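Let me begin by presenting the structure, written as structure tokens, before commenting on it.
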Amino acid sequence: MTEPTLAGPAIAADAMQSVADRRRMQLQHQVLEEEANCWWCSGPVDQTLPGTTHPWGPVVTHIRPLWAGGDSLARDNSHLAHRSCHASYCHQLRAAAQQQ
């Protein structure tokens, strides 16, 4: 007798995650194509810089963060920012949330 496995539900969960990941990547590409300036400081964003390491590199950020109920797949919640501006914005949001 074979033991029951969760392969079916696990595969379905992986497939749903893959769909969400693809949508997130499509949204990121859309933002990078449509926007050229940082939504926070309004300065131009050099998209040739590495966004994961360079402070002035591009990142796609959420205006309303996910931890505050923002939608990760909503275009109107996603904008281009410098990595350093994104970090400053996040620090300000968290500080304001802690003061409440």
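Only the coordinates and a few stated rules stand behind these numbers; no lab work does. Just so we're clear, the structure is a prediction, and the values are computed from it rather than from any experiment. Backbone-built Cβ (ideal geometry, glycine too); neighbour counts: all protein chains shown.
Add +1 for every Lys or Arg and -1 for every Asp or Glu among the other residues with Cβ under 12 Å from the Cβ of H79, and state the total. Result for the local shell: -1. Each part gets one Cα centre, and for the stretch 78-100 versus the stretch 46-77 those centres are 11 Å apart.
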